[in-house]
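Novice: Questions regarding the structure given below will be posed in turn.
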Amino acid sequence: MSSAIICPPPAARSRSFRWPFTSGRPAPRWVIAWRRQRNAALSLPLVILCAGAARSLTYSNRCAPRGIRGRFAAARSRPSRRFDGAWWRSVPDTTSGAGRYAPSPSGDLHFGNLRTALLAWLCARSTGRAFYMRVEDIDSGRSSDASAARQLEDLAALGVDWDGEVLYQHTRFAAYEDALRRLPTYECYCSRKDILAAAAAPHALLGAYPGTCRDLSEAERDHRRAALRAQGRVPALRLRSTVNSWTVTDEFVGDYVGLVDDMVLKRADWAYNLAVVVDDAFQNIDQVVRGDDLLSSAPRQAYLAHLLGVATPRYIHVPLVLNAAGQRLAKRDGPVTFREMGDDVLERLGASIGLPGARSAAELLERFSIGAIPREPFIWL
Ligand SMILES: [Zn+2]
């Protein structure tokens, strides 16, 4: 009896508490039916929303391709990374990062270039990353399409494959312009001779631009701009840097502190340092493998990445291939290109990275580990 008072039957409770106009009296049947329909109509969109959220939460796990092959397939099926108006608006990457090789198309790749390309590919693929190819043809005077095509053919013949379309820097000028607008810059009217003379002065930082044009007045700028125009030249644009050095982390060297100065971002052509940072960000590159002659420019690039608000990639600077005289291998050192070397190129490349006897790039990939990359230059004999 007492339990019935404390807790009335559900039907009675809902009727007596929810009918607002006649307290104590049960609501009419049509009101109850209307309420049920209204509740159903309101809850249907809610159910659809919840189902959608649950599906999207489980989608990546359920549908993500498994294993290395699956990752490659996923990367290939991704939409093209063609520039769509803003350099930072790259397609979101669902893989665990990407590596790249970025040759300059000014002649056939030689053994040293091929070795760096192979190492970049091995580092990316062995860590489950996508691998992209970028043709660094901003130097319009030295680059040619024919050379780029031959280089890509040689890399493919070696067994180095890449995801998506090849990115050509000559298609990226609007993106560099966009990035340039986001950086503090000033015009520089110095010739190379002016810079060398100023940099030779006491207290000048070795190799750094001395800041000659940094604090000129508007009147001085007008005067020097007009003088350049009379010679048919345009001013360079330099970064107004607020630091003298920057630290990067390299896989082999560890923390590396390098010089940062008011670097050129644009002259007649775009500067490499700006282009490489913008393109690495665009392609979601988080692992940069390249020759250790570029280690000293990594801090400048990392500082630009910092100013542009994009992530700095993990650097792996690998020792170069040197000739018997200890100089960087060049085409004058004999038959050193892929086409000149004959059938054993891959075997020789494998031996140079401590993996002798390999017959294919796939076999190298099975045996490769980043930690085992030789730390000494390879001597070409
Ligand atoms: Zn200057």
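Novice: Which one of Ala148, Ala208, Ala175 is part of a loop (DSSP other than H, G, I, E, B), among the aliphatic types (A, V, I, L, M) and touching a residue at least 40 places away in the same chain (Cβ under 8 Å)?
Specialist: Ala208
Novice: I would also like to ask the following. What tally of residues in region 211-243 results from selecting those that are polar (S, T, N, Q) and at pLDDT 95 or above?
Specialist: 3
Novice: Quick one: which residue in Glu136, Glu177, Glu153 is closer than 23 Å to Ser296 by Cβ, among the acidic types (Asp, Glu), modelled with pLDDT of 95 or more and away from the ligand (no atom under 16 Å from the Cβ)?
Specialist: The unique qualifying residue is Glu136.
Residue by residue, here is whether (1) surrounded by 15 or more Cβ atoms within 10 Å (Cβ to Cβ); (2) over 30 Å from Arg214 (Cβ atoms) holds:
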position	(1), (2)
Trp162	yes, yes
Val166	no, yes
Thr171	no, yes
Arg192	no, no
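Novice: Among the candidates Leu265, Leu295, Leu304, Leu274, which residue alone is buried (at least 17 other Cβ atoms within 10 Å of the Cβ) and assigned to a strand (DSSP E or B)?
Specialist: Of Leu265, Leu295, Leu304, Leu274, the one residue that is buried (at least 17 other Cβ atoms within 10 Å of the Cβ) and assigned to a strand (DSSP E or B) is Leu265.
Novice: Suppose the filter is touching a residue at least 40 places away in the same chain (Cβ under 8 Å), surrounded by fewer than 15 Cβ atoms within 10 Å (Cβ to Cβ) and within 25 Å of Pro313 (Cβ to Cβ); does Glu136 pass it?
Specialist: no
Novice: What about Glu251, is it away from the ligand (no atom under 16 Å from the Cβ) and surrounded by fewer than 19 Cβ atoms within 10 Å (Cβ to Cβ)?
Specialist: So Glu251 fits the description; yes.
Novice: Also, I was wondering about something else. Give me a count of the residues in region 83-133 that are modelled with pLDDT under 90, within 12 Å of the chain's Cα centre (by Cα) and hydroxyl-bearing (Ser, Thr, Tyr).
Specialist: Of the residues in region 83-133, 1 are modelled with pLDDT under 90, within 12 Å of the chain's Cα centre (by Cα) and hydroxyl-bearing (Ser, Thr, Tyr).
Novice: Another question, then. Residues of region 211-234 being in a loop (DSSP other than H, G, I, E, B) and either within 24 Å of His306 (Cα to Cα) or within 12 Å of the ligand (Cβ to nearest atom) (or both), which ones?
Specialist: Gly211, Thr212, Cys213, Arg214, Asp215, Leu216
Novice: Among the residues of region 167-175, is any within 20 Å of the chain's Cα centre (by Cα) and closer than 30 Å to Arg359 by Cα?
Specialist: yes
Novice: So, in region 235-246, how many residues would count as being of a type in the set (A, V, I, L, M, F, W, C), within 12 Å of the ligand (Cβ to nearest atom) and within 24 Å of the chain's Cα centre (by Cα)?
Specialist: 1
Novice: Within region 167-180, is there a residue that is out of contact with any helix residue (DSSP H, G or I) (no Cβ under 8 Å at 6 or more places or on another chain) and aliphatic (A, V, I, L, M)?
Specialist: The answer is yes, given that some residue of region 167-180 is out of contact with any helix residue (DSSP H, G or I) (no Cβ under 8 Å at 6 or more places or on another chain) and aliphatic (A, V, I, L, M).
Novice: Looking at region 180-195, which of the residues that are away from the ligand (no atom under 12 Å from the Cβ) and out of contact with any strand residue (DSSP E or B) (no Cβ under 9 Å at 6 or more places or on another chain) is nearest to Leu307 (Cα to Cα)?
Specialist: If we take residues in region 180-195 being away from the ligand (no atom under 12 Å from the Cβ) and out of contact with any strand residue (DSSP E or B) (no Cβ under 9 Å at 6 or more places or on another chain), then Arg182 is nearest to Leu307 (Cα to Cα).
Novice: Quick check: anything in region 153-168 in contact with a Ser or Thr (Cβ under 9 Å, 6 or more places away or on another chain) and within 24 Å of Ala271 (Cβ to Cβ)?
Specialist: no
The values are calculated or read from the model by the stated rules, or taken from the named source; none is laboratory data. All of these numbers come straight from a predicted model, not from anything done at the bench. Cβ: placed from backbone, ideal geometry, glycine included. Neighbour counts: every protein chain shown.
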